[in-house]
Amino acid sequence: MLHIKCPHCGLRSQNEFAYGGDASVKRPELNKEVSDKEWNHFVYLRKSLRGKHLELWHHISGCRQWIKVQRDTATHEIFKTFKASEEI
Amino acid sequence: MSQNFRLNNIGLINRNKKISFKFNGKKYFGYEGDTLASALIANGVHLIGRSFKYHRPRGFFGAGVDEPYAAVQLNRNNETEPNVKATEQELFEGLEANSVNCWPSVNFDIGAINNLLKMFFPAGFYYKTFMWPKSFWYKIYEPFIRKAAGLGVASTKHDKERYEHKYEYCDLLIAGSGPSGLASAYSAAKNGAKIILAEDKARFGGTLLTDDVNIGNQNGKEWADNIISELKKMPNVIVKNRSQVFGYYDHNMLVMSERISDHLPITQKYIPKQRLWYIRAKEVIISSGSIERPLVFGNNDTPGVMLSSAAKEYLKIYGVLVGKKPLIFTNNDSGYETAIEFKKNGIEPIILDTRKNPNSEIINEAKNLNIKIKFSYVVVVAKGYKKVKSAEIAKISDDKKILSNIENIDCDCICVSGFWTPTIHLASQSGAKTKFNKDIDAFVPDKSKQKETTVGAANGVYTLEETLKTSFDIGYQLSKKITLKDNRVSVPSVVEKKSEVHDKFWCVPLPEGKNYKRFLDFQNDVSVADIELALREGYRSIEHVKRYTTLGMATDQGKTSNLNGLQLVSEVENKIVPEVGHTTFRPPYTPVTIGAIVGREVGKHSKPTRKSPMHQWHEKNNAIFVDAGVWLRPRYYKRGDETLFEASKREAKNVRKNVGVCDVTTLGKIDIKGPDSAEFLNRVYTNAWLKLPVGKARYGVMLREDGIVMDDGTTTRISENHYHMTTTTAQAANVLSHLEYYLQIVWPELDVNVVSTTEQWAGAAIAGPKSRQVLQKLFPKINLSNEGLPFMGYLESDLFGISARIFRISFSGELAYEVNVQSDNGNFMWEKIMEVGKEFNIEAYGTEALSTLRIEMGHVAGSELDGRTIPYDNSLEGMVSKKKDFIGKRSLNREAFVADDRQKVVGVVPLDKKTSIPEGSYLVKDANAKLPNPKLGHVSASCWSVEYDNPFSLAIVKDGKNMIGQKLFALSPLKNKSIPVEIVSSHYVDPKGERVRS
C-alpha cells in the first residue's frame, strides 16, 4: 500500500485516495473546434508508461483535493507530489 | 498410550500439566508447551498423512513453518480448519485433529495405487493426459483430480470466530527474534526507537533455544529470556509472539498475522481469534534466520527422514526423541550438533558425513564422545514404508559419482542436513535484488530497494559472534538515524564452536540399475526425475520448470525444496546457480486465513450502513428495508400478511388516488456556491442554466466526456450565487468527485465551491392529487397555488417553527412537493406530515412503489442510465443544448450515436396483459428463431401499472422510435419464459405531463 504525501494534509495511506489517471492530459477548450482524432485521443487514449509518470490522485477520504503525484509505475517510488495548481 | 519417546530431564515443556488430545480419533497425552507434532512424536506417531500425488505415507520433516508434510484438519471451538501445520499448532486440552488427503484412512489409503502407477504420473502428467476429449475436463477429470489431490476440507459454515485488523506505525520493525533480531531490537530500543519485535513461534529466541552457545556468561536461552523481559518493560517497545510478518508491500508497509487464540481450546469473549497488523515502519530489520536444506536420496520422503535441526529442536525444546536409532546424514557440521544432543541423552547415533576428511572443534567433540562417524559416506535409500526401518548406505568416491560398499544398517530415523538456506522471502518481496553467495551455496539479499536491512543468518552470516556484532551495530545505526540519539550498548562476548566448511554435494546418485524416487518437493511429490524430464522436454526458465512440475508450488511454497531444485537445474544445464536464477517470492510467506484478511468486514459490517433520520419511524411502521448504495431504504411498508407485490401496489395506487409520502433523504445533495456557479452548471449539464431565476428548479442531465449519461437530477437556485443540486442516491459520491475534478483541474479559474450536504438535509416527497392540501396544512401561511408556487418552483418557509425548503418537483408524475429540513428535524417533519395528512388518507410509500410510479410515467432512472446510454437513448435529446458546449458534447456526434436506428427507450406491454416481464429479458422478433437469435433490445425495468392494472415495462430497443406498435417476444432464458409483447410509448401514463402542473 502506497504512502502518499498530500501537499495539503501530509503523509497518508493510499486507501484515503482515489486514482485519477494521467495528469498530463489536457481537456480541449470549450467551444473550440476539435478534430475527431484529437477528441478520440483526449477521451480514450492513454499511455501506459513504465517509469516516471505524472498522475492525478483525489484525496477522497481526506481534504477532497485533487493532487498531482510523480510516481514510478514500475517501482511505485513517489518522487514528489504537487497541488493541482502547481506546475512541475 | 504412553509417551515412549519423551525424555524426563530436558526441554521447555511443562511436565506438571498433562494435556489430552485426539488424532484420527485416538486419544493421546502431551504436555503444556508441546506442539501437536512434538506430542505425536512423543507418542511414537510418525504417520500423519499422504502425499499429494502418489499418496505415499507422510510424517514430519521439520519443526516449524518449513514443514512440508504435516498438514492436518483441525477441529477447534466447533469449527474445522484445513491444512493446519502440526508443527505450528500448539497443543491444548481437547484438541482434535485428523489426517488430510487419505481415504479411507491414513493407514490404508486407496489413492496409494498412484504410487504403483508412478511411471504414468510424470511431470506435466495432468497437462498431457486430460486433454481429450475436451468436454470430459469439467465433468469427469477435474472433480476426480480435485477429490484425489485435495488437501483439507474447508468449512462451509459461517465462521463465528472474530478477526481484527490493526494499524500501527513504528520506527523499526524487526521480523524474527533469533539472536540477530534480539540484538538489533535491544540496541535500537535502548537508543530510543519505537520498535515492534515479531516472532512467529510461541517462544522467543530462535536458535538460541537449541544451540549450545554462551553469550556474556549466560547460555543462549538465558540471554534471550533476559533481553525479552527487559524489552517488554520498555514503553517504546511492542513485543509479539505467535506473530508472522508474512508480507512486505510498497512504501515499507508490512503485514503481520497474530494468532491470538489458536493455541487455546476456545476463543474468549471479546478476544479475536487472529489479528492482522498493518505496520508502516520507517525502517525494517529482517532477522528471519535460515532453513536447513534436505539432502536428496532414494525414498527420502519416508516418515522418519527429517531435518537434523528439527530433530534437535524436538529434543531440546520438547524433550522428544524422533528416534532411538538415529542415522545422521550431513554435508556440514550442523548434523554433529544433533548427534551430540542424542548422545548426551543416552542415544547412540551414527553420523554419515559426505566430506572426506573434515576437521573442526565440533567434529572433535563428537569423536571424543565416541560417536560413530563414517566419512565419505551417504544414504543411498531409506527402507521401510510407513516408517524408516533401515537404510542402505554406501561409500562415495571423491568425485561423488561412484557408490561402493553398499550395506544395510538398522535405524529408525534419518536426520539430514544439507547446510542452510537464508530466509530471504521478506527481503525479496520488498523488491531488493538478491545475489548468490558461493560460500554458502545460497541466495542472500543484495541492494535494498526499500528501507530494509537483513541481518544474521537471513543474510548468510552463520556465526553467532559476527551476527551479534553486526546486529547490535545495525540496530544502533538505524535508530540513530531516526531518533538522533546516541546511546550505544556494548556487544557481549560470545563462546561458540567454530565450523568446518560444508560440502557442496547434496544429491546422492542412483546405484546401477536402481530407480528409487528421490524427492525435491515433498508436498507436491516432485522428484529429481520430474525435473530432469521437464528439462529434456525443453523447459529452460526456472519459472516455467516450476509451473510445469509444480516444484515449490504447494502450501509450504518450497521452503525446503526451492534451492535444491535450482541446484539440480544448474547441474543438468551445466550452468551456475545464479544464471538459473530463482523464482519470484510473493506474499504471504506462510498461509494466512481468509478470516484474518477479511477482519471485521463481514456480513453487515462489510460496508457502512447509512440510515435516514426517519429510520425509526419506518421500523415502527413495519418497513421492509432494501440496500440502496450505502443506505437502508424502506422498500415497502407491510400491513398484515401483505406480499411485496400487494403492498407496493397499494402504496402506488394511493399516490395516484390520494397522497403518499416517501423518504428521499438518501438523494445526493450538493451545495454549490460562488459567482461562477451558473457558468459551471452550464458546462456540467447538457441543458442551459444561465437564465434560471432565483427560486426556480431545473431538471438537468450530465454526461461523461464520452457522451454517456452519468447522472440526472434537479438543481435549484436558492439565491444569486447559491445552488442546491440533487443527484441520484447511487451516483452521489461520483458526481461530487466529478465536479471537484472539473473545478480543481480543468477550470480552476471558475470561482465556485462545492460540498456534499446529503447528510445535512432530511427530505420527504409528498406526491398525489391531494398533496397540495397536505402541504397547505403544513405551511398555512404560504400561497401554494400555481401562481404562488408553480411547477419547478422553490420557496422557504417554516414548518411548525422549524425552517424548511419546499421544492415543487415530481418523480412520480403526480402533483408533488419535496420538503427538506435539517436532518435533526427530519423525524419531526415526518410525523407532522403523517399527522396533517391523515384526513387525506396519506400513506408512506417505499422504493418499490416509487419505481412503479416512475416506470409507468416513463421517467428514466438508474436501470436506463446504466453507463451505456446517451441522452437520445433515454428520450432526453430535448435536454441537449445545441447552442452551448458542455462536458461530453463533442462525443455525441460519434457515428454510432447518431445512427438512424439508434436504440431508444420504449414501453412494453404483454399481449395477455397478465404476464409480468422479468427485468433483463431480451426482445426478439421470433421466439423460435435459430440461435443466436438476433437481439433487438432488453427490458430495463418492470412494474405492475396501477393506472391500468396490467404489467408494464421499460425497454431500450434498437430503432426504438420506429418500433411503437410492433409485436415482439420477451425472452428470459433464466426464468424459462417467452412472452408475446407489444411495444408502446414509454410515457404510459399522463403522456402530456399535465398532472405535475395541475
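I'd like to check which helices (runs of 4 or more DSSP H) are fully inside the stretch B:306-399 and have at least 1 residues that are farther than 23 Å from B:Thr35 by Cβ.
B:334-344, B:361-368
Out of all the residues in the stretch B:861-873, which are of a type in the set (A, V, I, L, M) and either closer than 16 Å to B:Lys961 by Cα or over 44 Å from the mean Cα position of the chain (by Cα) (or both)?
B:Ile870
Restricting attention to the stretch A:1-22, which residues are outside any strand (DSSP E or B) and not hydrophobic (A, V, I, L, M, F, W, C)?
Answer for the stretch A:1-22, where residues must be outside any strand (DSSP E or B) and not hydrophobic (A, V, I, L, M, F, W, C): A:Pro7, A:His8, A:Gln14, A:Asn15, A:Glu16.
Do we have any residue at all in the stretch B:185-200 that's crowded, with 23+ Cβ neighbours inside 10 Å, within 30 Å of B:Phe342 (Cβ to Cβ) and away from every other protein chain (no Cβ under 14 Å)?
Yes: the stretch B:185-200 contains one or more residues that are crowded, with 23+ Cβ neighbours inside 10 Å, within 30 Å of B:Phe342 (Cβ to Cβ) and away from every other protein chain (no Cβ under 14 Å).
Taking the criterion of being of a type in the set (Phe, Trp, Tyr) and not in a helix (DSSP H, G or I), would at least one residue in the stretch B:832-849 satisfy it? Give the derivation first.
First, pick out the residues of the stretch B:832-849 that are of a type in the set (Phe, Trp, Tyr): B:840, B:845.
Restricting the remaining residues to those that are not in a helix (DSSP H, G or I) gives B:845.
Yes, the stretch B:832-849 contains at least one residue that is of a type in the set (Phe, Trp, Tyr) and not in a helix (DSSP H, G or I).
So which helices (runs of 4 or more DSSP H) are wholly in the stretch B:497-591 and hold at least 3 residues that are out of contact with any Leu (no Cβ under 8 Å at 6 or more places or on another chain)?
Qualifying helices (runs of 4 or more DSSP H): B:528-536, B:542-549, B:562-572.
Given the residues A:Val25, A:Val34, which is the only one that is facing chain B (nearest Cβ under 10 Å), part of a loop (DSSP other than H, G, I, E, B) and touching a Lys or Arg at 6+ places or on another chain (Cβ under 7 Å)?
The conditions single out A:Val34.
Hey, does the stretch B:330-339 have a residue that's farther than 17 Å from B:Ser309 by Cβ, outside the structural domain of B:Ser51 (by TED's automatic domain parsing) and in contact with a Pro (Cβ under 9 Å, 6 or more places away or on another chain)?
No, there is no match, as no residue in the stretch B:330-339 is farther than 17 Å from B:Ser309 by Cβ, outside the structural domain of B:Ser51 (by TED's automatic domain parsing) and in contact with a Pro (Cβ under 9 Å, 6 or more places away or on another chain).
Among residues belonging to the stretch B:343-362 that are crowded, with 23+ Cβ neighbours inside 10 Å, touching a helix residue (DSSP H, G or I) at 6+ places or on another chain (Cβ under 8 Å) and not acidic (Asp, Glu), point out the one that is farthest from B:Lys400 (Cα to Cα).
B:Pro349
What number of residues within the stretch A:73-82 are in contact (Cβ under 8 Å) with a residue 12 or more places away in the chain, surrounded by 14 or more Cβ atoms within 10 Å (Cβ to Cβ) and within 11 Å of chain B (Cβ to nearest Cβ)?
Residues that pass the stated criteria total 2.
So B:Pro265 passes all but one of these: (1) modelled with pLDDT of 95 or more; (2) more than 14 Å from chain A (Cβ to nearest Cβ). Which condition number does it fail?
The number of the failed condition is (1).
Given the structure, is B:Glu705 part of a loop (DSSP other than H, G, I, E, B) and within 14 Å of chain A (Cβ to nearest Cβ)?
Taking the combined requirement at face value, the residue satisfies it.
For the stretch A:39-58, which residues satisfy the criterion of being at the interface with chain B (Cβ under 10 Å from one of its Cβ atoms) and either more than 30 Å from B:Ala896 (Cβ to Cβ) or surrounded by 13 or more Cβ atoms within 10 Å (Cβ to Cβ) (or both)?
Residues satisfying the conditions are A:Trp39, A:Asn40, A:Phe42, A:Val43, A:Leu56, A:His58.
What tally of residues in the stretch B:729-742 results from selecting those that are more than 9 Å from chain A (Cβ to nearest Cβ) and aliphatic (A, V, I, L, M)? Full working, then the answer.
Step one: filter the stretch B:729-742 for residues more than 9 Å from chain A (Cβ to nearest Cβ), giving B:729-732, B:734-735, B:738-739.
Next cut, aliphatic (A, V, I, L, M) only: B:730, B:732, B:735, B:739.
Here the count works out to 4.
Being aliphatic (A, V, I, L, M) and either more than 14 Å from chain A (Cβ to nearest Cβ) or touching a Gly at 6+ places or on another chain (Cβ under 8 Å) (or both) is the filter here, so list the residues in the stretch B:229-255 that pass it.
B:Leu231, B:Met234, B:Val237, B:Ile238, B:Val239, B:Val245, B:Leu254, B:Val255
Report, by residue number, each residue of the stretch B:424-460 that is part of a loop (DSSP other than H, G, I, E, B), more than 14 Å from chain A (Cβ to nearest Cβ) and surrounded by fewer than 24 Cβ atoms within 10 Å (Cβ to Cβ).
Answer for the stretch B:424-460, where residues must be part of a loop (DSSP other than H, G, I, E, B), more than 14 Å from chain A (Cβ to nearest Cβ) and surrounded by fewer than 24 Cβ atoms within 10 Å (Cβ to Cβ): B:Lys438, B:Asp439, B:Ile440, B:Asp441, B:Asp446, B:Gly460.
May I ask you to list the residues in the stretch A:11-22 that are facing another protein chain (nearest Cβ under 9 Å), over 26 Å from B:Leu892 (Cβ atoms) and touching a Ser or Thr at 6+ places or on another chain (Cβ under 9 Å)?
Of everything in the stretch A:11-22, just one residue is facing another protein chain (nearest Cβ under 9 Å), over 26 Å from B:Leu892 (Cβ atoms) and touching a Ser or Thr at 6+ places or on another chain (Cβ under 9 Å), namely A:Ala18.
Among the residues of the stretch B:533-573, write down those that are free of Cβ contacts under 8 Å to residues at least 12 places away in the same chain and aromatic (Phe, Trp, Tyr).
B:Tyr539
Does B:Phe419 count as out of contact with any strand residue (DSSP E or B) (no Cβ under 9 Å at 6 or more places or on another chain) and surrounded by 22 or more Cβ atoms within 10 Å (Cβ to Cβ)? Show your work before the answer.
Values: out of contact with any strand residue (DSSP E or B) (no Cβ under 9 Å at 6 or more places or on another chain): no; surrounded by 22 or more Cβ atoms within 10 Å (Cβ to Cβ): yes.
Here the answer is no, as B:Phe419 does not meet what is asked.
Return the only residue of B:Ile482, B:Ile424, B:Ile531 being closer than 30 Å to B:Tyr54 by Cα and β-branched (Val, Ile, Thr). Write out each step before concluding.
Working: B:Ile482 fails: closer than 30 Å to B:Tyr54 by Cα; B:Ile424 fails: closer than 30 Å to B:Tyr54 by Cα.
Within the list B:Ile482, B:Ile424, B:Ile531, the selection yields B:Ile531.
Would you check if there is a residue in the stretch B:874-893 being within 42 Å of the chain's Cα centre (by Cα), away from every other protein chain (no Cβ under 14 Å) and not hydrophobic (A, V, I, L, M, F, W, C)?
yes
The values are calculated or read from the model by the stated rules, or taken from the named source; none is laboratory data. Because the structure is a prediction, the values reported are computed rather than measured. Counting neighbours? That spans all protein chains shown, and the Cβs are built from the backbone with ideal geometry, glycine included.
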